[in-house]
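K.L.:
Got a structure for you, questions after.
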Amino acid sequence: MTTDPAHPPTLNSRTAVIVFLSFVFGYFLSYALRSVNATIAPILAQDLGLSAAELGWLSSAYFLSFAGMQWLVGSWLDKYGARRTESALLATAAAGALIVAVSASLWGLSIGRILIGAGVSACLMAPYAYFRRCFAPDRQAQLAMWMLIGGTSGALASTQPTLLLAEAIGWRHVFLITAGLLALAAFAVFKNVPDIDISQIKSQNDADKKGALNATLSPPKMNLLAVLSHPNMLRVIPTTLTMSGGFIALQSLWVGPWMTDVLGMTTNETGMKLFYFNLALIFAYVIMSVVSPKLIRSGYNLSIQSKIGFFWVLASMIGILAWRDQHAWWLWVVMAGGVPAIILMQTQTGMLFPRAVAGRVLTTFNLIMFVGAFVMQWGIGLAVDLFMFYGQSRDQSLWLSLLVLLCLQVISVIWFLRKPEPIAQA
């Protein structure tokens, strides 16, 4: 690897591939652990006598610790680099998986899930920050898509394959194996990811012309409030909450109830359609990883691509709400095609700030997105209960709740379009 204060650090091709595979292995495991409780919940409940509320807590414990770590992760990435931060956190996740495997109480399981959530909290942000510092701007979108392909593959692996494995060898052995894989991922990152001289990147930023961006976001002034209040972040907060966060809320929970309660499908039919939905999402990431760089070379930057994604998803939502026939499940597959362009908003936002503060900026974006996922997911449930309280049927209540989400998404896109277009940093 070479470094030059006037240029980003560069990796040779072989090292770049090894670095990417090391990062994507950890993110694959992270995404699988995010989703695995939904798959093995019946087994956990039967084996440990857990109630629905206790199962719900175990899942939310992951998200709480994950979100709570984001600002710390950003600071550590900017101070210590991706190699040390990611490997140490993955080792923490391995300890958490081991605790889950040997625990016989809710408290033990909770501690394990909290450690897992904290330990995998940098699995996407560490590579994003590293890529921001080591690869050219026109490669950022492609690298982001490849990472998301690896992560979504983890979501698929946590479904039927994990269930079959848990039934064959027991859920505790599944977590023991996972602990070993997390430890291997930590070792791979520590061994294979070269360090970056952050001081040289900071020197480059100091040598840049003193624009408003560098003046207001120099590392000493770079706190959470400064990032959140910066015009570049204020522009994307509403769409991050409602579009990115809203999609996560739908993908991780509400698509299933929509298919069963609104479209009238059986549980098995819904499970198969959800598999198709996630598979379509992987294909969309693959296609976008190829198409996005070509679009950039043709003059369609990441901002334009994200705008196309916004309108694609809004149109899909309108179709989903308008057509409530059992055969309309494929509209969710259509929606998946526009999601990668929306996710690129995170990559674009990271490029609007100096490379020396990429970790803090990207993790702040991630924090906003997961807060949006939590609020939208819980908010849809509260709205369903409210509409049912006022006499609506469950399927009509869910329809009205998603209509409210659609309205919020439209308002957020209008906000985004009305704000001036910022200029990306080199």
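Read the figures in this text as sums done on the coordinates, not as results from a lab. In this text, all values refer to a predicted model and were calculated from it rather than measured experimentally. Cβ: placed from backbone, ideal geometry, glycine included. Neighbour counts: every protein chain shown.
K.L.:
Projecting each Cα onto the charge dipole of region 9-196 (Lys/Arg +1, Asp/Glu -1 at the beta carbon, about the Cα centre), which of PHE175, ALA82, GLY68 comes out farthest on the positive side?
P.N.:
Ranked along the dipole, the leading option is ALA82.
K.L.:
Nearest 0.05, what FRET efficiency do SER229 and SER13 give at R0 = 56 Å with Cβ-Cβ as r? Each step should come with its number before you reach the end.
P.N.:
Numbers: r = 40 Å, r/R0 = 0.72.
Given R0 = 56 Å and the Cβ-Cβ separation, E is 0.90.
K.L.:
Continuing with this model, one more query. Which value does Rg/Rh take for the chain over its C-alpha atoms, Rh per Kirkwood?
P.N.:
Over the Cα atoms of the chain, Rg/Rh equals 0.96.
K.L.:
Along the charge dipole of the chain, Cβ charges K/R +1 and D/E -1, which of LEU165, LEU382, LEU314 sits furthest on the positive end?
P.N.:
With unit charges placed on the Cβ atoms, the residue in question is LEU314.
K.L.:
Right, here's the next one. For the chain, list the DSSP H helices whose alpha carbon atoms reach 20 Å or more along the long axis and whose average Kyte-Doolittle value is 0.0 or above?
P.N.:
13-48, 52-68, 82-102, 140-157, 171-192, 267-297, 302-322, 358-389, 394-418
K.L.:
List the relative contact order of region 212-418 as a percent without decimals, with contacts defined as Cα pairs under 8 Å and 6+ residues apart. Before the final figure, lay out the partial values.
P.N.:
Working: 208 pairs, mean separation 74.1, N = 207.
Reported relative contact order: 36 percent.
K.L.:
Same structure, new question: Helix-only mean residue ellipticity at 222 nm, the chain, DSSP H runs n ≥ 4 weighted -39,500 (n - 2.57), per residue, nearest 500. What is it?
P.N.:
Values: 20 runs with 322 residues, N = 426.
That calculation yields -25000 deg cm²/dmol at 222 nm.
K.L.:
Right, next: When the Kirkwood hydrodynamic radius is evaluated over all pairs of different C-alpha atoms of region 9-196, what value in angstrom, to one decimal, is obtained?
P.N.:
By the Kirkwood definition, the hydrodynamic radius is 16.7 Å.
K.L.:
Taking the convex hull of the alpha carbon atoms in region 297-398, what volume per residue do you get, in Å³?
P.N.:
113
K.L.:
What's the longest uninterrupted piece of the chain once you rule out the trypsin sites (Lys or Arg not before Pro) that are loop residues per DSSP with at most 11 other Cβ within 10 Å?
P.N.:
It runs 211-426.
K.L.:
Please sort 94-101, 155-162, 178-185 by packing, taking for each peptide the average over its residues of neighbouring beta carbons within 10 angstrom, highest first. Could the numbers behind the result be given before it?
P.N.:
Working: 94-101: 22.5, 155-162: 17.6, 178-185: 20.5.
Highest to lowest by the protection proxy: 94-101, 178-185, 155-162.
K.L.:
Find how many whole Å separate the alpha carbon centroid of region 364-426 from the alpha carbon centroid of region 225-264.
P.N.:
About 6 Å separates the Cα centre of region 225-264 from the one of region 364-426.
K.L.:
Which residues make up the longest stretch of the chain clear of chymotrypsin sites (Phe, Trp or Tyr not before Pro) that lie in a DSSP loop with no more than 15 other Cβ atoms within 10 Å, not counting the sites?
P.N.:
1-299
K.L.:
Averaging the inverse of every distinct alpha carbon separation and then flipping it gives the Kirkwood radius. What is it for region 212-418, in angstrom units?
P.N.:
Result for region 212-418 stands at 18.1 Å.
K.L.:
I would also like to ask the following. Under a crude label model (7 Å from the Cα following the beta-carbon direction), how far is LYS79 from LEU417 in nanometres?
P.N.:
4.3
K.L.:
Then there's this: Need one number for region 339-392: average projected area of the convex hull over its C-alpha atoms, nm².
P.N.:
4.6
K.L.:
A further question follows. Between GLU167 and ALA136, 0.36 nm times their residue separation minus their Cα-Cα distance comes to what?
P.N.:
On the way: separation 31, 0.36 × 31 = 11.16 nm, distance 4.60 nm.
This chain segment gains 6.6 nm when fully extended.
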